[in-house]
Amino acid sequence: MSQAINPNAENSERFIPVAEPLLNGNELAYVTDCVTSSWISSLGKYIPRFEQEFARFCGTKHGVATSNGTTALHLALVVLGIGQGDQVIVPSLTFIASANAVYYTGAEPVLAESEPRTWNLDPIDVARKITPRTKAIMPVHLYGHPVDMDAINAIAREHNLIVLEDAAEAHGAEYKGQRVGRLGRIATFSFYGNKIITTGEGGMLTTDNDELAEKARWLRDHGMSPTERYWHPIIGYNYRITNIQAALGVAQMERIDEFIARKREIAALYSRLLGDVSGITLPPEESWAKSVYWMYSILVGDEFGISRDALMAHLKSCGIDSRPFFHPIHTMPPYNKGESLPVAERLARQGINLPSALTLTDKDIQRIANAIREAKR
Ligand SMILES: *Cc1c(COP(=O)(O)O)cnc(C)c1O
């Protein structure tokens, strides 16, 4: 991405946010088209276009767009037939929506440990947590790094379990050369304002399975019969996306390759500038992985000399925003059963998401790396 189109190129002392959408392609033109043609609701040409283009990008037969990433997850679980009495294994270190979507179906999210290397769902703990009630495994490609899917799929095959990828943070990430979104039976994505591409709010379900896709379309629109208007053979939801959101999505898809390339450039520059700082662990990229570095994230260990929270406070005083890692879900009141998952807990204690917006300049990254070095004791 050339610095010339970057709105921040000239402003070297600005407050640097963690995330910020980049909307300076055809977004305004396509949204304007929706408004001037009055196709602003959940019918319109941009919806099938967005679905087809996103499915093609993932290499799946179907894409079903939804109102957000959480409704995509819920819809995926419902079409898979997951409900009351079932268990779904979910990593504890993820955004809360991964577990909540399971809870909405009446099933129980079973929270599992993270791997120390990839920060993702630990297959060894998954195998340990399988019971006769387990129906599915939900790997989450955390912060843009793919899960070791062969390990997860092998366990799933052995125990006859369904694999549902939560790919909300990893559009375009690759596992052994294959894009996420078609590495299990079904996958879901989010297009929230801070994700790899955005539609403001929005989500997508991807699958090769005709029956699952058809059922998802049906349930997304109140369970209305596709052949008889206002006849509802099943109880559905209103999880539709609007043409305006899809218009943003089509414009964002025109630039997704460029966005991912820039995310990887940002990561490479950070890693070059921070690689020799003792006490800092850089984000993983396994030999079999292509990460999209949704959030460029580091761990702050004891050797760094000041705490993770003190480093975040120092960055703030330099005009640089950052975020702590998610709290592990097993530590939060609705899900806390007194269990301990030491790896997830340590990652959550030490982890920081550094600014990762596509609007970052190389100078911004230099400024952030300098601020981190200054803080070290
Ligand atoms: C963002 C996110 C979601 C939810 O997406 P929304 O569009 O905000 O509903 C689900 N899972 C993960 C891992 C996410 O990061």
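The values are calculated or read from the model by the stated rules, or taken from the named source; none is laboratory data. From a predicted model like this one, the values you see are computed outputs, not experimental measurements. Neighbour counts are summed over all protein chains in view; Cβ atoms, including those assigned to glycine, are modelled from backbone coordinates with ideal geometry. For the accessible areas, the whole protein counts, side chains as well, though only heavy atoms, and no ligand, DNA or RNA atoms are used. Shrake-Rupley method; radii C 1.70, N 1.55, O 1.52, S 1.80 Å.
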For the stretch 54-59, 3J(HN,Hα) per residue [Karplus equation, 6.51 cos²θ - 1.76 cosθ + 1.60, θ = phi - 60°, Hz, x = Gly/Pro]: 5, 4, 4, 4, 7, x
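Return the percentage of antiparallel bridges among DSSP beta bridges fully within the chain, rounded to the nearest 5 %.
Numbers: 22 of 38 bridges.
Bridges in the chain that DSSP calls antiparallel: roughly 60 percent.
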Amide hydrogen neighbours beyond the local backbone of G44, cut-off 5 Å, H modeled: none
Placed amide H near L358: partners under 5 Å, 5+ positions off or other chain: E20
Using a 1.4 Å probe on heavy atoms of the protein chains only, the accessible area for W39 in Å², nearest 10, reads 140
Can you grab the distance from the C-alpha centre of the stretch 52-104 to the C-alpha centre of the stretch 155-174, Å, no decimals? 10
For the chain, calculated [θ]222 nm from helices alone, where every DSSP H run of n ≥ 4 adds -39500 (n - 2.57): -11000 deg cm²/dmol
Gyration tensor verdict on the stretch 167-229 (Cα atoms; rounded if a/c is under 1.5, prolate if a/b is larger than b/c, oblate otherwise): oblate
Once you have a ≥ b ≥ c as the square roots of the Cα gyration tensor eigenvalues for the chain, tell me rounded if a/c is under 1.5, and otherwise prolate or oblate according to whether a/b is larger than b/c. oblate
Can you work out ³J(HN,Hα) from phi for every residue in the stretch 226-231, in order, using Karplus 6.51 cos²θ - 1.76 cosθ + 1.60 and θ = phi - 60°, giving whole Hz and x for Gly and Pro? x, 10, 10, 4, 6, 10
Rounded to the nearest 10 Å², the accessible area of H222 at probe 1.4 Å: 80
In µm²/s, what is D for the stretch 256-375 at 37 °C and 0.692 mPa s, where D = kT/(6 pi eta Rh) by Stokes-Einstein and Rh is the Kirkwood radius from Cα pairs? 214
From the backbone phi of the stretch 253-258, what are the Karplus-calculated ³J(HN,Hα) couplings (6.51 cos²θ - 1.76 cosθ + 1.60, θ = phi - 60°) in whole Hz, Gly and Pro given as x? 5, 4, 10, 4, 5, 5
In the full protein assembly as shown, how much of K337 is accessible to a 1.4 Å probe, in Å² to the nearest 10? 150
How charged is the neighbourhood of H314? Take every other residue with its Cβ under 14 Å from the Cβ of H314, and add Lys/Arg as +1 and Asp/Glu as -1. +3
Accessible area in square angstrom per residue, the stretch 256-375, 1.4 angstrom probe: 42
What does the highest-first list of 362-370, 169-177, 29-37 look like by mean Cβ count within 10 Å? 169-177, 362-370, 29-37
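Would you work out what percent of the accessible area of the chain, with all protein chains in place, is carbon or sulfur (probe 1.4 Å)? Walk me through the numbers before you get to the answer.
On the way: 8250 of 15940 Å².
The value for the chain is 52 percent carbon and sulfur by accessible area.
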